[in-house]
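Single-structure report; data block below.
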Amino acid sequence: MTTATASATSVTLPANSNQALGIGQFAVDFMAGKFDSPSQKVLDRTELFHTDACLCGISALALKTNAPTVLRDEALDYPVPAGKSGASVFGSTSKLFPEKAILANSSAVREWDSNGTNFGYNPSLGHTAGEFGHNDFYPVAIAAAQLKGLDGATALRGMILIDEIRDRLASVFSLKTYKIDHVVHGAIGSAAAFGAMLGATPEQIESAIGMVVAHYIPWRAIRAGKQLSDSKGASAAISTEVAILAMQRSMRGFVGPRDIFRNPEAIFRFFEPTTEGKDRWTEMAPSPFDLVLTHSGDDFAIMGMHFKLGLYEHQSAGALQAVIDLVSNSPNLLESDGDNIKQINILAYEPAFGIIGNPAKMNPKTRQSADHSMAFIVSRLIRKAIEWKQTNGDLPTGGEANDAMWKAMILTPYDYAPDMIADTKSKAIMSKITFEHGGDKYDNAYPEGIPTSVVITGADGAAHDSGFVMFPAGHARNTTADLQDILKNKFATLGSIATDDVNTLVSRFSGVASKSAGEIDSLYDFDLRVAEGYE
C-alpha cells in the first residue's frame, strides 16, 4: 500500500493510499507535536476566527433564535454522571455529554451565517474544487480540551487541525456538485481532531471517519426551497454531533468501514469514479484526489479563509463592497429617501447567482431566506446608508472612508428581524434590483475571488458602475481594508446584544493560546443576557 509522503511543512496522502487512516495518523502526530509549530500568523488568525465565531454564537442565543435555543435546552438535559468529565454550553457551568454540548454550541456559532468562510481554493497545488465551508467546528476542540483537562494552546492546535482537514478536502472534492451539504468535510475534520485530542489511535479515527461517511451524509435538501428552515443553520452542528458519537463509539471498540475514500460505494468514488466499467467497483482503486495537509509554517488553510464583516451570505460580499464604493463616490444617489435610485443591476458568478439570486428569495418571509437573498441584503445596506446620511448629513469621508462605511452600515441581526423583512422602504429598493449571471468572465474568476459588479442608475439616467470587484473587505486577499478595526466594530456590535461589558466578553474569547486548562474549562461560564425586541 502506498503511504503518505512528507515535506518540510506538509504531508501528502496519495490517492492510491488509505487516506482515512492517513488523516488519522496526521491528526495524532499533529496533536502530539511531532511537527514544527504553525507560525504565529496562523495562531493569531485562528484566535481571531475563534473570537468571531463565539461572538456570533453568543448573540444568537441572546436573541433567542430558535435552533440554538432548542438545541441548548436539549443539551442541558444530558448532564454527565457525577465524577465524569463533560463539556459545557455557552453561558452555563453544567457539564454535559460532549456530543450534545458541541451540537448546541456549533448551532449557535452558525446561526447568523456570519462566521468565517472558506472557498476550497489552493491554486498552488491545482486544488480548486471550490467547496464552501465555515468555522463552525471550534466547539469540538474546546469540548475535547474540557474532557481531557488540556490548555488553551492545545485547544487552539485542535482548531487549526479541524480547519486544515476540512478545507483541504473542500479544495479537492466539491460536495455541492452532487447536492451533498458541505458540512461533511467539517464532520470528518471534527472526528479526527476530537479523537486525536482524546488519545484515539489512527485506526480508531479511520473507523470513525468511515462511519461518518457511510452512515451520515446530509443532502442539500436542507438549503433548497422557497423559505429556509432551522435545518439550514444547524446542519454543521447535527453532522458534528454524529461525528463525535462515531468517534466515541470507535474508541469503545466499534469498527466502522475502513479505507472509506477508496470505497467504491461511498460518496467520493461513487460520484467521481476512478476506473471504468466493471472495474469501477474495484475495492483498491484510487480515490479521486491526492490530499495535502500542512503541519508547519505559514501555509495553513486558515490563512485563505475569509471574514464576514456583518451578517450576510458570503457570496454577496462583492456586491456589498461595490455598493459601498458607489455610494461613497456618489452620495447624491442616497438623496430623496431613495428616489434618486432608478435601477440597480448586479452581475455575479455561479454559484452565487443560483444560491442567493433565486427569484423566490426576492420576497423572503424568514430570516434564513432573507440572509440568503442578494436583493434583500443589498437593499438593507442601501437603506441603512440612506438613513445614516439623513441623520448625519453626510457619509464617512477621507482616506479610511471604506472602513468607516463598513462599520457604520454593518448589517446586524436586527436587519433581518420580522419588521425589517416587511419594511416597505427596503422592499421599494428591492423592487429596483435585477441580478444576472455574469457569464464566463465572472465564473472563471471564482473561487479566487468574489467576482461581482454593480451598476446603479440614478433618477437622472446617469449610470454609476462599480467595475469588477474581486477581493472585497474581509476577503483573505484584500489588502486595503483595516480588517482588525472593522472586526473590532463587529465584535462590539454583536457582543453588546448579550452584555453591557463588551470588552470583558471579547477578552474572554481572545488569547486562547495563553489560557490555562482551568480557564478553558470555564471558558463558557458567563452570564448570558436575553435581549429584547428581536421577535
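Sorting the segments 132-143, 486-497, 412-423 by their residues' average number of neighbouring beta-carbon atoms within 10 angstrom, most packed first, yields 132-143, 486-497, 412-423.
Peptides 452-464, 232-244, 343-355 ranked from most to least packed, by the mean per-residue count of other Cβ atoms within 10 Å: 232-244, 343-355, 452-464. Just to confirm the number: angle between the C-alpha axis of helix 98-111 and the first principal axis of the chain, 0 to 90 degrees, nearest 10? So the helix axis and the longest Cα principal axis differ by about 20 degrees. Amide H to amide H, with H built 1.01 Å from N, GLY133 comes under 5 Å of ASN118, counting only residues 5 or more places away or on other chains. Rounded, prolate or oblate: which fits segment 38-255 when a ≥ b ≥ c are the square roots of the eigenvalues of the alpha-carbon gyration tensor, with rounded for a/c under 1.5 and prolate only if a/b beats b/c? Rounded. Over the chain, the hull volume per residue, using the convex hull of the C-alpha atoms, is 140 Å³.
Would you mind getting me the FRET efficiency between SER330 and LYS84? Use the beta-carbon distance for r and R0 = 60 Å, nearest 0.05. The calculated FRET efficiency here is 0.45.
Hey, with R₀ at 22 Å, roughly what FRET efficiency would TYR178 and LYS441 work out to, going by the Cβ-Cβ distance, to 0.05? It comes to 0.25.
Within the chain, DSSP assigns beta bridges of which about 80% are antiparallel (rounded to the nearest 5). The label point for ASP460 and the one for LYS427, both projected 7 Å from the Cα toward the Cβ, are 3.2 nm apart. The count of lysine pairs in segment 38-255 that are at least 8 places apart or cross chains, and whose C-alpha atoms lie under 26 Å apart, stands at 14. When the helices of the chain are scored as -39500 (n - 2.57) per DSSP H run of n ≥ 4 and the total is divided over every residue, the value at 222 nm lands at -14000 deg cm²/dmol. Partner lysines whose Cα lies under 17 Å from the Cα of LYS342, excluding those fewer than 8 positions away in the same chain, are identified as LYS425, LYS427, LYS432. Spacing of the modelled spin labels on ASP500 and ASN392, each 7 Å from Cα toward Cβ, amounts to 2.7 nm. Counting 0.36 nm for each residue step from ASP337 to ALA214 and taking away their Cα separation leaves a gain of 38.7 nm.
Starting from the Cα gyration tensor of segment 387-455, take the square roots of the eigenvalues, sort them a ≥ b ≥ c, and report rounded, prolate or oblate (rounded when a/c is under 1.5, otherwise prolate if a/b is larger than b/c, else oblate). Can you show the working numbers first?
Values: a/c = 2.12, a/b = 1.31, b/c = 1.62.
It is oblate, given that a/c is not under 1.5 and a/b is not larger than b/c.
Starting from the Cα gyration tensor of segment 314-473, take the square roots of the eigenvalues, sort them a ≥ b ≥ c, and report rounded, prolate or oblate (rounded when a/c is under 1.5, otherwise prolate if a/b is larger than b/c, else oblate). Mind dumping the intermediate values first?
Working: a/c = 1.45, a/b = 1.15, b/c = 1.26.
Because its axes are fairly even, with a/c under 1.5, segment 314-473 counts as rounded.
Out of the DSSP beta bridges found with both residues in segment 314-473, what percent are antiparallel (nearest 5)? Present the calculation step by step, with values, prior to reporting the outcome.
Details: 11 of 16 bridges.
That works out to approximately 70 percent antiparallel.
Summarising the amide proton neighbourhood of SER88: residues at separation of 5 or more, or on other chains, whose placed amide H is nearer than 5 Å comprise LEU96.
What the phi angles of segment 275-288 give under the Karplus curve with 6.51, -1.76 and 1.60, with θ = phi - 60°, is a coupling list of 9, 9, x, 4, 5, 4, 9, 5, 4, 9, 5, x, 6, x Hz, glycine and proline written as x.
Straightening the chain between MET303 and GLN484 buys 63.7 nm, computed as 0.36 nm per residue apart minus the Cα-Cα spacing.
We did not get these values from a lab; they are worked out from the coordinates using the rules stated. Remember, it's a predicted structure, so these values are computed and weren't measured experimentally. Neighbour counts are summed over all protein chains in view; Cβ atoms, including those assigned to glycine, are modelled from backbone coordinates with ideal geometry.
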